[in-house]
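Read through the structure below, which is laid out as structure tokens, and then see the notes.
The values are calculated or read from the model by the stated rules, or taken from the named source; none is laboratory data. All of these numbers come straight from a predicted model, not from anything done at the bench. Heads up, the Cβs are rebuilt from the backbone with ideal geometry, glycines too, and the neighbour counts pull from every protein chain shown.
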Amino acid sequence: MNSNPARILVVDDDPDILETLRFFLEKEGHEVTAADSGPAALRALAQEPHDLLLTDLRMPGMSGAELIRLTLERDPQVVCVLITAHGTIDSAIHVMKEGAYDYVQKPLDLEALSLVVARGVERRRLLTENVAFRNAVLLHDLSLSVCASLDLSAVLEQVLDAVVRELRTVHAYLLLRSDDGSFTLRGARGAAGEAPIGTVIAPEACLAGQAFETGESILVRQSDPWPGPRSSALGEDRYLSSLVVPLRARDRRVGVLGIGMDGPGRSFTPADEKSLAILAAHAAVAIENARLHDDLRRRYFQVVVGFSRALESRDPYLRGHSERVALLAQFTARQMGLDERRCEVIYHGGLLHDLGKIGVSDHVLHKPASLTEEEFNEIRLHPAIGREILAPIPDLAPIAEIIYTYHEKYDGSGYPNRLRGEQIPLHSRIVAVADAYDAMTSGRPYQTRMSFDAARARLKEQAGRMFDPQVVDAFLSLPPSVFEQMAAASGEERPPPAHTSPDPRPPSG
């Protein structure tokens, strides 16, 4: 009994040789499929996978060389062996250079054939184990990268990086299913990357729609007809070979992962299909976890913003203050050339900068006169209180840092830790300027409302003392329309200040 049986496809246009090969290889313990031509062999390969192809070189119609080329295009893991006559040995050697593993000569020496087949079957086993090992390493590497982050955008980028690297392609895309049934492009490489992230793709307009609907992967080789619509937004109009795999998480489909190849010669294979399916399965779980985390973070953030607005409702002087600070800080960050992600963090930091005042008594917050030392110490606690409120969500740590440090002063005279200069996070230095400007131009129980020109002059005067000079310069260089917008927003009716004596506290909200 053969301890290493294989599924072998034998191809020869001579029925006697075909029958001899079938009988001998079955006696050796292998499972044998016989085909009398190249097209018949391709049909057999399409119906079920084979480990080894044993084909005559010279056959009418499709030659053995052409059959081997098409076979390896479909599945490079198939081990191909040529049967050749003495006069065609040079041709056999040429075909071996193109991918054939070995050859046997006619008239057939069955003992030599047995040795070649045994070596071929062993090579197939090693190739299969190599693919399995590669997939295990791939899964391990992807696990390390995507499990290290719960940020959805970061997870999507890591998945696409792994796909492009491991599947040796430059074209890849990741679509997530929206509630309305359409796809949204959430990440892309190569030709698919020419469409903006967020592009909406109709399922019926792309191959991905078919894969999602059926729940089955779709493999298109260069020799195959394209089985459905082509989406130019995904680069499908350029692909000669394509592979699309649905993303499943918790027994439901959440999107599609696709790759394409536009160069002649190589097609995606069943081995690639297995690798992409492994990537897709693991990626789908990571994506779903990140989406759930994003949803939790968004809900928590909404609750926190609700707290902040509830605080403003306690004090008519603060009405709209946080939103104006957030906008002014965001405009300033953009003026300084910060990327949009950092600008978003700064906006949210401005929106929640006074969050910790929830823990400060109304008596202290609304006191129209100078604070006692004890009362001022209570005020100084609000940055730490605000940071503590955001502590349950680690992803909000950059916002918590702003809340905790925006009362630090550039010259080191601020609180809670008397940081100075660039020891203070840039995000906090930006929010500090926006907060001071809005506080000065809005009025407080302890401070007369300044004109906008006077407030701008005060910022310039305090640059290098209370504020970062570069931030002040960027703030003061904002277009006039920004300040007009803020002036209109702060022009709502407010109770008059309780007194007009000089401000006993720093100009901050």
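Only residues that are within 41 Å of the chain's Cα centre (by Cα) and among the charged types (D, E, K, R) were counted across the range 52-68, and they come to 1. Every condition in (1) free of Cβ contacts under 8 Å to residues at least 60 places away in the same chain; (2) within 20 Å of Ser308 (Cα to Cα); (3) part of a loop (DSSP other than H, G, I, E, B) holds for Gly412 except the one numbered (2). Screening Val32 against (1) touching a residue at least 60 places away in the same chain (Cβ under 8 Å); (2) in contact with a Lys or Arg (Cβ under 8 Å, 6 or more places away or on another chain) leaves a single unmet condition, (1).
With respect to the conditions (1) surrounded by 14 or more Cβ atoms within 10 Å (Cβ to Cβ); (2) modelled with pLDDT of 80 or more; (3) not aliphatic (A, V, I, L, M), Asp141 falls short on a single one, namely (2). A Cβ distance below 7 Å, combined with a sequence gap of six or more or placement on separate chains, defines the contacts here; from the range 430-441, residues that are polar (S, T, N, Q) reach no residue that is at pLDDT 95 or above and surrounded by 24 or more Cβ atoms within 10 Å (Cβ to Cβ).
Restricting Pro469, Pro479, Pro425 to residues that are closer than 22 Å to Leu352 by Cα, in the same structural domain as Gly356 (by TED's automatic domain parsing) and within 38 Å of the chain's Cα centre (by Cα) narrows the list to Pro425.
Just checking: which of the helices (runs of 4 or more DSSP H) contained wholly in the range 348-405 hold 3 or more residues that are assigned by TED's automatic domain parsing to the domain that holds His427 and over 17 Å from Ser313 (Cα atoms)?
Once the helices (runs of 4 or more DSSP H) in the range 348-405 are filtered for at least 3 residues that are assigned by TED's automatic domain parsing to the domain that holds His427 and over 17 Å from Ser313 (Cα atoms), what remains is 373-379, 382-390, 397-405.
Considered as a group, the residues in the range 108-128 that are free of Cβ contacts under 8 Å to residues at least 40 places away in the same chain and among the acidic types (Asp, Glu) include one that is farthest from Asp16 (Cα to Cα), and that residue is Glu111. Do the conditions hold for Arg253, that is, is it modelled with pLDDT of 85 or more and not in a helix (DSSP H, G or I)? Yes; evaluated as a whole, the condition is true for this residue. Looking only at residues of the range 232-248 that are surrounded by fewer than 24 Cβ atoms within 10 Å (Cβ to Cβ) and more than 20 Å from the chain's Cα centre (by Cα), we find that the one that is farthest from Thr214 (Cα to Cα) is Arg238. When Glu344 is tested against (1) surrounded by fewer than 17 Cβ atoms within 10 Å (Cβ to Cβ); (2) more than 25 Å from Thr441 (Cα to Cα), just one condition goes unmet, and that condition is (2).
When the test is whether a residue is outside any strand (DSSP E or B), at pLDDT 85 or above and over 27 Å from His348 (Cβ atoms), Ala283 does not pass it. The residues of the range 167-184 that are of a type in the set (Phe, Trp, Tyr) and farther than 11 Å from Leu257 by Cα amount to a single one, Phe183.
For the range 256-280, the tally of residues that are of a type in the set (A, V, I, L, M) and at pLDDT below 80 stands at 1. Restricting attention to the range 12-45, the residues that are within 18 Å of Gln77 (Cβ to Cβ) and not in a loop (DSSP other than H, G, I, E, B) add up to 6.
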